[in-house]
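Colleague: If you scroll down you'll find the structure; I have some questions about it.
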Amino acid sequence: MSARFFTLFCSSLFVLAAFVHNVEAQNTLPAVDIFCETGTVNIGVNPGSTALGYSNCTASNPTIYQEEVEITVFSDGLPNTGSGKVNIGPGAEIEFQISFKAEIGMLMQSRSWSVEAVVISANGVPPPNDASSKVQGMINIMQYSDLSIISSESAIDINAGSSFEIEVFVENLGNHEDFFMIGLNCNRDCNLEDEGFVVTGGQRISLASSSNSDQPASIIFEITAPDKVGKENSFYVEFYATSEFSCRYEGICNTQYTSLLIDLSEDDSKAFSDALFGETGLIVGAIVGSIVVAAVIVVLIRRKTSVETFDEEYEDEFEYEDEEEFEDDLDDDFFDDL
């Protein structure tokens, strides 16, 4: 009997030790723990995006009580989801998701968020202590690129050897300051410089978001045409603007274009001058000069003949034999007029 009693006593001690360890492992007062997988939530707000950010969280009950827990989500002015009341059993946990909603086109910025869990009852009664837990994080409104470029002219006619200016307007439609490369391309793989054009005006500029700017940037391109018209007399060119941010961080270069049609023709006044003073012009001039001289000579001869004929007729009409006949004729004409 003594041996059997000793065995039962030792077994009871082991059971009691295990029970005491289990009770010590649990809190004697109501409590709650909260954990979120993502402390930093990134939200894209470019056109076409959902403008939503998420984090998965866990609320656990480390006590021996049946707890009712109230979860509250804060997000620095942004709409959110995830708040509410949950019941968590002794030693149990629940998972839930919190989300944050931004606005499409919102300027790049950072805001804070937090989730707080508070035990409002343990086994049906308010807890005697402040049983709560809280986690915090950041919301990053991500930058995106967008832009527009417009030309002041869509088509232009110019003379060979002349210069002209084209104004283009570039606007940063993204949500943060960006750098833009602005230049000019020619169609059909042509090169304006190889065609004899001289182009100035391409540059790299920094532009604030249009949300913080009153008007787009103005870029002036000056183009000088070649002196002669070659095989091609029509050139389709494109002004372009490329976002540097997009090339570095978005995986593709965001580039926008505006087109211009250049029709090149010979200068009419110059062509006339070349014809007038060139070899062909001298020959034509000599012929025309000879015709003019001949015409002048004919006119002069005709005028001389006409004058001589008039003089003869005038002398015949007023020829008198003596002075007395002239005076009689003069008196008759005078009194006839009266």
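Colleague: Net charge around TYR144, counting only other residues with Cβ within less than 10 Å of its Cβ (Lys, Arg = +1; Asp, Glu = -1)? It would help to have the intermediate numbers written out before the result.
Modeller: Working: positive: none; negative: ASP146, ASP178, GLU250.
Every neighbour counted, the sum reads -3.
Colleague: In addition: Sum up the charges of everything whose Cβ sits under 12 Å from the Cβ of PHE35, counting Lys and Arg as +1 and Asp and Glu as -1, but leave PHE35 out.
Modeller: Net charge around PHE35: -3.
Colleague: For segment 179-255 and segment 101-156, write down the distance between their C-alpha centroids in whole Å.
Modeller: When both Cα centres are located, 38 Å separates them.
Colleague: Here's a follow-up. Where the Cα atoms of segment 22-141 are projected onto their three principal axes, how long is each span, largest first, in whole Å?
Modeller: 55, 23, 18
Colleague: Based on other C-beta atoms within 10 Å, arrange GLU116, GLU250 from fewest to most.
Modeller: Least crowded to most crowded, the residues run GLU250, GLU116.
Colleague: Still on this model: Can you tell me how segment 147-270 classifies by the Cα gyration tensor, rounded, prolate or oblate, using a/c under 1.5 as the rounded cut?
Modeller: Because a/c hits 1.5 or more and a/b exceeds b/c, segment 147-270 counts as prolate.
Colleague: Determine the sum of side-chain charges near ALA208: Lys and Arg each +1, Asp and Glu each -1, restricted to other residues whose C-beta is under 9 angstrom from that of ALA208.
Modeller: After counting each charged neighbour, the total is -2.
All of the numbers you see were taken from the coordinates with simple rules; none came from a lab. Just so you know, these numbers come straight off a predicted model, no measurement behind them. Note that we place each Cβ from the backbone using ideal geometry, even for glycine, and neighbour counts take in every protein chain shown.
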